[in-house]
Amino acid sequence: MKLTTSQRWERSKRWLRRHYPLPFNCIVKLIPKLVDQAECEFREYPRPRKFIVRVCRERSFELRVEGLLHEWAHCMTWFGLDDKDHGEVWSIVYGRLYDAHCNWDYGRKRKPKEDDNQ
Ligand SMILES: [Zn+2]
């Protein structure tokens, strides 16, 4: 089944929320004119506290997903041990997310390869 990019985008957000839950709700927005590929912040007020991830709508789908995973890793490590933005813990988490997302394939069943039964 061929999925559109907006279906894959929605599935990616659901997949992250389900498999990599955050301590607070996260609002993900596609922004038409964002200087960076993506950015995130943690907002104390107004309550409830929340993360906000903004992703540049003008980038390719692959870059939008990469930006989402990058910022999600920031949210996951926001209250962690790293003393810089892209520290050791963030790197491990981002690598894990990136790898898992690549293998997940948007919830489609993987086609068996010819040599799987050998
Ligand atoms: Zn970053």
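A few remarks follow.
- For Arg96, the stated conditions hold: it is basic (Lys, Arg) and within 16 Å of the ligand (Cβ to nearest atom).
- The set of residues in the stretch 69-93 being touching a helix residue (DSSP H, G or I) at 6+ places or on another chain (Cβ under 9 Å), more than 11 Å from the ligand (Cβ to nearest atom) and either closer than 17 Å to Val55 by Cβ or among the aromatic types (Phe, Trp, Tyr) (or both) consists of Met76 alone.
- Single condition Arg43 does not satisfy, out of (1) in contact with a strand residue (DSSP E or B) (Cβ under 9 Å, 6 or more places away or on another chain); (2) of a type in the set (Lys, Arg); (3) within 16 Å of the ligand (Cβ to nearest atom): (3)
- Flag not set for Glu66, criterion: more than 12 Å from the ligand (Cβ to nearest atom), modelled with pLDDT of 95 or more, surrounded by fewer than 20 Cβ atoms within 10 Å (Cβ to Cβ) and not polar (S, T, N, Q).
- Tabulated pairs, the stretch 74-90, first within 11 Å of Cys40 (Cβ to Cβ), second of a type in the set (D, E, K, R) and part of a loop (DSSP other than H, G, I, E, B), C-beta under 8 angstrom, 6+ apart or interchain: His74/Asp85
- The stretch 33-56, residues that are without any contact (Cβ under 8 Å) to a residue 12 or more places away in the chain and either of a type in the set (Gly, Ala, Ser) or closer than 18 Å to Ala73 by Cα (or both): Glu41, Arg43
The values are calculated or read from the model by the stated rules, or taken from the named source; none is laboratory data. Since we're looking at a predicted model, the values are computed, not measured. Cβ coordinates were reconstructed from backbone atoms using ideal geometry, including for glycine residues, and neighbour counts include every protein chain displayed.
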